[in-house]
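*Asks:* Here it is: the structure, laid out below.
Where a number appears in this text, it was derived from the coordinates with a stated rule and is not lab data. Owing to the predicted nature of the structure, the values given are computational and were not obtained by experimental measurement. Quick reminder, even Gly has a Cβ in these numbers, built from the backbone with ideal geometry, and neighbours come from all protein chains shown.
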Amino acid sequence: MDIIRIMTSGESHGRALTGIIDGIPSNMPLAADYIDAELRRRQQGYGRGARMKIERDKAEILSGLRWGKTLGSPIAINITNRDWANWEKGMSALPEDEGSISPVTKARPGHADLSGAIKYGFRDLRNVLERSSARETAVRVALGAVCKALLGEFGVVIGSYVTRIGRAGVRLYDEVLNGGELVGNAGGYLLGLHGSAENSLVRCPDKDASQHMIEEIDAAKERGDTLGGIFEVFSLNLPVGLGSHTSWDKRLEGRLSQSVMGIQAVKGVEIGIGFEAGALYGSELMDEIFYDARNGFYRKTNRAGGIEGGMTNGMPLILRAAMKPIPTLRKPLTSVDIVTKEPFEAQYERSDVCAVPACCVIAESVVAIVIADAFRAKFGGDSLNEMKNNYENYIKYTKEF
């Protein structure tokens, strides 16, 4: 990223998760309560495991804030792991505590265990699984909340909802991508989907589909299995011109895709109509451009998902992602002990049956980080007021173009 930089640290059963974010302008209001609300959203969802009953994540802002406003310096956020009390020796940094628990030598299919052990030369898989765990996403959500607060100053809204869990799904994007009655109020339609998702156990805005998803999760739990699914993330009120066409690594869809694919268990990302574009003629796919004095340039369809040529085009940004089933199963899978080389049936550790509702909240956060960085690159400024002045001048220019 050009301006906003983030770093996370911590292990799943370590003392804490810590994140640092640099590049946030000064004088931006920020409260730990706002971050905590986002952390609670991440921990919700039907099909979550016992860990969510142990952890009640709260953000402690360690630096970069004074009297409720940012200083322009790096912001450090700490999230204490409550389960640390049970792992103080097992995850100790002190050499004298080595051997306090038995090493993990049985690699689990679908996890980072085996590849990580070979890469880093470990004979204890816990050295891999502690950091590769999706527990790390808690601090990314906290850092994303900071970026959401910044984007909120410019009226940018980011939301999400689930469209599929296992074999239960619903199609919701035709009206906002392919045109139709809702094209003039795509933002309102998407906000409505997000609002309904907030009140759903599986973050799906369709009640019938939600019930079918819950039934799918119950059936998977009964079999000792897990489920993945598909979710969508959108962003509204983005100005034209975030990102760039000038270099491949500045293209916004590439940065967004990398950020979402960087979430544990995400295996696919689409922008706009995505893979369906491969089955269409060009004349069926492209979003035609219109102009009138009141609206300026506009489009009647949004198959591009709000991005053309690596840049935002003023339409709602719509991103879709697929999450694989969680690989920790009660149903035994065959693997090999990395020390004895003997086959075994993989052991079960507490885990979620389905974490798709949580994953789409995490995706909101990483999308917010990328978009906030694009805002900072475009509008600069050391303080929030300076950044807003630059933004307002640019919006005026685009309306007069």
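*Asks:* Under the 0.36 nm per residue contour assumption, what length would be gained going from the current alpha-carbon distance of residue 69 and residue 385 to full extension?
*Replies:* 112.5 nm
*Asks:* Considering only 199, 105, 367, whose Cα is most displaced toward the positive end of the charge dipole of the stretch 5-400, charges sitting on Cβ of Lys, Arg (+1) and Asp, Glu (-1)?
*Replies:* It is 105.
*Asks:* Under a cut-off of 17 Å between alpha-carbon atoms, report the lysines in cross-link reach of residue 331, not counting same-chain residues fewer than 8 places apart.
*Replies:* Hits, sequence-local ones excluded: 106, 221.
*Asks:* Now for a different question. Taking amide H atoms as placed 1.01 Å from N in the peptide plane, list the residues 5 or more away in sequence, or in a different chain, whose amide H sits under 5 Å from that of residue 58.
*Replies:* HN-HN under 5 Å from residue 58: 80.
*Asks:* Restricting to Cα pairs below 8 Å that are 6+ residues apart, what does the relative contact order work out to for the stretch 5-400? Please round to a whole percent.
*Replies:* 22
*Asks:* Once R0 is set to 35 Å, what does the formula 1/(1 + (r/R0)^6) return for the Cβ-Cβ distance between residue 267 and residue 247, expressed as a FRET efficiency to the nearest 0.05?
*Replies:* With a Förster radius of 35 Å, E is 0.85.
*Asks:* Only counting other Cβ atoms within 10 Å, I'd like 234, 275 sorted with the fewest neighbours first.
*Replies:* The fewest-first ordering by Cβ neighbours comes to 275, 234.
*Asks:* Whose amide H sits under 5 Å from the amide H of residue 111, counting only residues 5 or more places off or on another chain, with H placed in the peptide plane?
*Replies:* Residues meeting the amide H criterion: none.
*Asks:* Tell me, 341, 378, 388 in order of fewest to most beta-carbon neighbours within 10 Å?
*Replies:* Sorted ascending by nearby Cβ count, the order is 341, 388, 378.
*Asks:* Counting C-alpha atoms alone, how compact is the stretch 1-127: give Rg to one decimal and Dmax as a whole number, in angstrom.
*Replies:* 17.9, 51
*Asks:* Using a simple charge model, +1 on the beta-carbon of Lys and Arg, -1 on the beta-carbon of Asp and Glu, nothing else, what dipole does the chain show about its Cα centre, in debye to the nearest 20?
*Replies:* 340
*Asks:* When the chain is fully extended, how far beyond the present Cα-Cα distance does residue 280 get from residue 330, taking 0.36 nm per residue of separation?
*Replies:* Difference between extended and current length: 13.8 nm.
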